[in-house]
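Notes for the one structure printed next.
The values are calculated or read from the model by the stated rules, or taken from the named source; none is laboratory data. Everything numeric in this text was worked out from a predicted model, so none of it was measured. Glycine also receives a Cβ, built like all others from the backbone with ideal geometry; neighbour counts cover every protein chain displayed. Please note that ligands, DNA and RNA were not included when accessible areas were found on the heavy atoms of the full protein model with its side chains. Shrake-Rupley method; radii C 1.70, N 1.55, O 1.52, S 1.80 Å.
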Amino acid sequence: MIFELITVPVILGIESSCDETSASVCVDGVILSNVIANQTIHEAYGGVVPELASRVHQQNIVPAVQQALLNAKVNKNDVDAVAFTRGPGLLGSLLVGVSFAKAFALARNLPLIDINHMQAHILAHFIGDHKPSFPFLCLTVSGGHTQIVLVNDYFDMQVIGQTLDDAAGEAMDKTSKILGLPYPGGPLIDKYARQGNPDAYKFPEPQIPGLDFSFSGLKTAILYFIRDNVARNPDFISQNLPDICASVEKRIATILLNKLQKAAKEHGIKQIALAGGVSANTGLREGLREMCAKNGWESFIPKMEYCTDNAAMIAIAGHYKYLKGEFTGQNIAPLARMPF
Ligand code: KG4
Ligand code: ZN
């Protein structure tokens, strides 16, 4: 199939990799809408239940797309291409977005653009005016990933460090579970940490060679620390919640930032970005700003709405693939695992 490339591309972006159903419209590289339907159903289970997530995506996808078109004041007949998250993510969740994108494109004879969710988190930095230039480094931290990525070009990215076990977001969420807080715990740890003393408790920093990370030892240390203190004082958590959260947040942020600084020095890179859900974390954002100011580097920190999962990042990634003329066919299937 040959598609005519027009000068002002109108891209519909679809995201459904985990528990947010999102749709966005991007016109000529400018995001005009970004509708995100959150799923609260998982709170009762302490984590995302894949089967429930896909069912709720099924209910939310059509209204989210309608709202995104409405907010952008774009008619569905004016869409030039549909960009969608192919992976990585939960297969049942991805299937909803992929199937919707394929149906929408087939009905209008539009090109399809498949997007890697982790690349899209990084490409969210190309929304707005403060764009990094290539090459830059990006610390991508989400519920399932912790990666230091050397970004050479829009779709030329190299993972130079990653977690050997748990992701940073998982460490946040598991800590909050240990503390009896609801899912997702990251934003709550952030909230309580603002009122606490980050030096109240010392948690270990794992000694992992190179640029890789490990969070499983920290998780166990936190578990034992809470268990031992609660055995001595049953009210330990409620009496010290802000200090516990501030100390855990500081340790996770320093683990991440120490490796990021090492990577930047080793590769001689002076533009450093954050991406993914954990980049919403106040301590990490402040820590990156301080680290960059100290070293004379430039920091790139995404707006809050582009930190956690959203379709604007899929639409902007779709925009750049559209300009390259890189499309996919109707036989495409989602991928639970999808390396760059
Ligand atoms: O990128 P994301 O929305 O979904 C995945 O692709 O995984 O990231 C979700 C993760 C969760 O672990 C959540 O607890 C964490 O991001 N998170 C935060 C904050 N907001 C979200 N962690 C720390 N502080 C926050 N403010
Ligand atoms: Zn994500």
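Restricted to the range 309-325, and to residues there that are touching a strand residue (DSSP E or B) at 6+ places or on another chain (Cβ under 7 Å) and either part of a loop (DSSP other than H, G, I, E, B) or not hydrophobic (A, V, I, L, M, F, W, C) (or both), the residue that is farthest from ligand 1 (Cβ to nearest atom) is Y322.
Taking the conditions (1) in contact with a Ser or Thr (Cβ under 9 Å, 6 or more places away or on another chain); (2) among the hydroxyl-bearing types (S, T, Y); (3) in a loop (DSSP other than H, G, I, E, B) in turn, T7 satisfies each one other than (1).
Only one entry in L90, L94, L112 is more than 20 Å from S216 (Cα to Cα), touching a strand residue (DSSP E or B) at 6+ places or on another chain (Cβ under 7 Å), outside the structural domain of K270 (by TED's automatic domain parsing) and within 16 Å of ligand 2 (Cβ to nearest atom), namely L94. When L260 is tested against (1) crowded, with 19+ Cβ neighbours inside 10 Å; (2) touching a helix residue (DSSP H, G or I) at 6+ places or on another chain (Cβ under 7 Å), just one condition goes unmet, and that condition is (2). Being charged (D, E, K, R), more than 16 Å from ligand 1 (Cβ to nearest atom) and open to solvent by 10 Å² or more (accessible area, probe 1.4 Å): is that true of E305 here? The answer is no for E305. Among the candidates R285, R289, R337, R251, the residue that is open to solvent by 10 Å² or more (accessible area, probe 1.4 Å), in the same structural domain as D173 (by TED's automatic domain parsing) and within 16 Å of the chain's Cα centre (by Cα) is uniquely R285. Within the range 140-178, how many residues are away from ligand 2 (no atom under 16 Å from the Cβ), assigned to a helix (DSSP H, G or I) and either open to solvent by less than 10 Å² (accessible area, probe 1.4 Å) or closer than 18 Å to R285 by Cα (or both)? Within the range 140-178, residues that are away from ligand 2 (no atom under 16 Å from the Cβ), assigned to a helix (DSSP H, G or I) and either open to solvent by less than 10 Å² (accessible area, probe 1.4 Å) or closer than 18 Å to R285 by Cα (or both) number 2.
Residues in the range 249-285 that are over 11 Å from L139 (Cα atoms), within 13 Å of ligand 1 (Cβ to nearest atom) and not in a helix (DSSP H, G or I): N281 only. Screening H42, H57 for residues that are out of contact with any Gly (no Cβ under 9 Å at 6 or more places or on another chain) and either of a type in the set (A, V, I, L, M, F, W, C) or within 16 Å of ligand 2 (Cβ to nearest atom) (or both) leaves exactly one candidate, H42. On the stretch given as the range 179-228, residues that are among the β-branched types (V, I, T), surrounded by fewer than 20 Cβ atoms within 10 Å (Cβ to Cβ) and closer than 20 Å to N240 by Cβ total 2. When you look at N295, is it of a type outside the set (D, E, K, R), at pLDDT 95 or above, more than 16 Å from ligand 1 (Cβ to nearest atom) and not assigned by TED's automatic domain parsing to the domain that holds S93, yes or no? Spelling it out, N295 is indeed of a type outside the set (D, E, K, R), at pLDDT 95 or above, more than 16 Å from ligand 1 (Cβ to nearest atom) and not assigned by TED's automatic domain parsing to the domain that holds S93.
Just to be sure before I move on: is Y154 under 23 Å from Q39 (Cα atoms), assigned by TED's automatic domain parsing to the domain that holds F203 and touching a residue at least 60 places away in the same chain (Cβ under 8 Å) in the structure I sent?
Working: under 23 Å from Q39 (Cα atoms): no; assigned by TED's automatic domain parsing to the domain that holds F203: yes; touching a residue at least 60 places away in the same chain (Cβ under 8 Å): yes.
So Y154 does not fit the description; no.
Do we find that P187 is within 16 Å of ligand 2 (Cβ to nearest atom) and under 24 Å from I41 (Cβ atoms) in this structure? It is true that P187 is within 16 Å of ligand 2 (Cβ to nearest atom) and under 24 Å from I41 (Cβ atoms). In the condition set (1) of a type outside the set (A, V, I, L, M); (2) open to solvent by less than 10 Å² (accessible area, probe 1.4 Å); (3) more than 16 Å from the chain's Cα centre (by Cα), T85 is compliant with all but (3).
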